[in-house]
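Have a look at the structure below, then the notes.
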Amino acid sequence: MKYISILGASGSIGTQTLDIIRLHPDEFHLTAISIGKNVDMARAIIEEFAPQLVAVADADAYDKLRREYAGKVKIVYGEDGLTEAAVFPETDIVVTAVVGSVGLVPTLRAIEAGKTIALANKETLVTAGHIVTAAAKKHGVALLPVDSEHSAIFQCLQGEKKKNVEKIILTASGGSFRDKTREELKNVTVDEALRHPNWSMGAKITIDSATMMNKGLEVIEAHWLFGLPYEQIDVLLHRESIIHSLVQFRDTSIIAQLGMPDMHVPIQYALTYPERLPLKNAKPLDLAEIGALHFQQVDFDRYRCLRLAYEAGKAGGSLPTVLNAANEEAVAAFLQGRIAFLAIEEYIERALERHEFVKEPSLEAIREIDAETRQYVRSLL
């Protein structure tokens, strides 16, 4: 039996993790969750899974749930509550499924507490990869990737030696606007941006997919997860999202991980590693039915956010923190209808250009840079 905490239980990854626990009640038990402000969903999870601790975002949600579950479930709130869910004593694996840099500190605390990390919060490594990977090494903690691309690479590398890796190749669908020119992107709407062709994801990640910032963040995450320089990390457009990523070795061999676009697969693998379990109701891949797979090179002029991510990643230091914070604020503004789609990349670039570079920022410096960058982007609105 493995005991699971989920940070971000009401999001796309969180709810699919609950599906996995539901499918395998003899393998997994839910011990703690964080769930933002969704009191109704918190009630439903408490009734079905009986976690021992529930962390919510604010005092209002805390008061409601505490009155109802006093003496039955420990209810906590705020940043301290999120961290308490991450370090819950009985937990073996922490699924970090919150969106954004809010996941950084709880993930670090979970690592310090010796928890295995099923990492779905890519911003944790983007903003503080040098700190997180050092902490994981110090405490002997595994960082198991949940993103489909990183899970694919992780699976392809099993039994292989790092010295034999020529490069890793992250695949990208191209997002909602992959068939539009930059001229056509000037007047796209929020609703259009949220129509991803292959995956069902939360709003923020879907917009990141449309700008290709999501792939840029994944490139930075891959750098830290697999210890490879950016020159050995490529991105390839692949419309069908059947090949989730590939590894090319120095003898020219390529190993790829394939499957239908279904996040239940990498989530379950992170929870069961190094074993595998059946996945009921999942559709097996039928290549004859698919018929053909398509690939093309990425145009960095077309996808400026991806270019900015590579540049920030290669420069390192504090720039990935700025990249991530500016992107989160700009995407939020777009979703609110306050800026145009192409303004997202413009605001990110402006934030990067004005930033005073810090080579090896501390955790405190990262949090200050994050807050300052957000304030700057808001001042542009």
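The values are calculated or read from the model by the stated rules, or taken from the named source; none is laboratory data. A quick note: this is a predicted structure, and the numbers were derived from the prediction, not measured. Glycine also receives a Cβ, built like all others from the backbone with ideal geometry; neighbour counts cover every protein chain displayed. Surface accessibility is based on the protein's heavy atoms, side chains included, excluding ligands, DNA and RNA. Shrake-Rupley method; radii C 1.70, N 1.55, O 1.52, S 1.80 Å.
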> In vacuo Debye scattering of the chain, one point per C-alpha: log10 I(q)/I(0) at q = 0.09, 0.11 Å⁻¹?
Replying inline: -0.50, -0.77
> What do you get for Rg/Rh of the stretch 1-159 when both radii come from the Cα atoms and Rh is the Kirkwood radius?
Replying inline: 0.97
>> My understanding is that a pair violates if its Cα-Cα distance is over 29 Å; which of Lys137/Lys163; Lys215/Lys283; Lys162/Lys283 do that in this structure?
In response: Lys162/Lys283
>> If you consider only alpha-carbon coordinates, what radius of gyration and Dmax does the stretch 278-346 have, in Å?
In response: 18.3, 47
>> What does the net charge come to around Arg22 if you take all other residues with beta carbon closer than 15 Å to its beta carbon, with K and R at +1 and D and E at -1?
In response: -3
>> I'd like the accessible area for Thr252, computed on protein heavy atoms only with a 1.4 Å probe and all protein chains in place. Round to 10 Å², please.
In response: 110 Å²
> What spacing in nm lies between the two simple spin-label points modelled at Asp299 and Glu356, each 7 Å away from Cα in the Cβ direction?
Replying inline: 4.0 nm
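Can you give the charge dipole size of the chain about its Cα centre, rounded to the nearest 20 debye, using +1 on the beta carbon of Lys and Arg and -1 on the beta carbon of Asp and Glu?
On the way: 41 positive and 52 negative charges, 55 e Å.
Its charge dipole is roughly 260 debye.
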> What's the local net charge at Asp299, with K and R +1, D and E -1, over the other residues with C-beta under 12 Å away?
Replying inline: +4
> Scaled to the compact-protein estimate 2.2 N^0.38 Å, what is the alpha-carbon radius of gyration of the stretch 265-381, rounded to two decimal places?
Replying inline: 1.46
> Ser253 to Lys162: FRET efficiency via 1/(1 + (r/R0)^6), r the Cβ-Cβ distance, R0 25 Å, to the nearest 0.05?
Replying inline: 0.95
>> Given the -39500 (n - 2.57) contribution per DSSP H run of 4+ residues, what per-residue ellipticity at 222 nm results for the chain, rounded to the nearest 500 deg cm²/dmol?
In response: -14000 deg cm²/dmol
> From the residues Ala55, Thr133, Val146, which one has its Cα farthest along the dipole of the stretch 43-163 in the positive direction, the dipole being from +1 and -1 charges on Cβ of Lys/Arg and Asp/Glu about the Cα centre?
Replying inline: Thr133
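Let me check I have the definition right: for the stretch 101-223, take the eigenvalues of the Cα gyration tensor, multiply each by 5, take square roots. What are those semi-axes in whole Å, largest first? All intermediate terms of the calculation are to be shown ahead of the outcome.
Numbers: eigenvalues 186, 65, 26 Å².
They are 31, 18, 11 Å, listed largest first.
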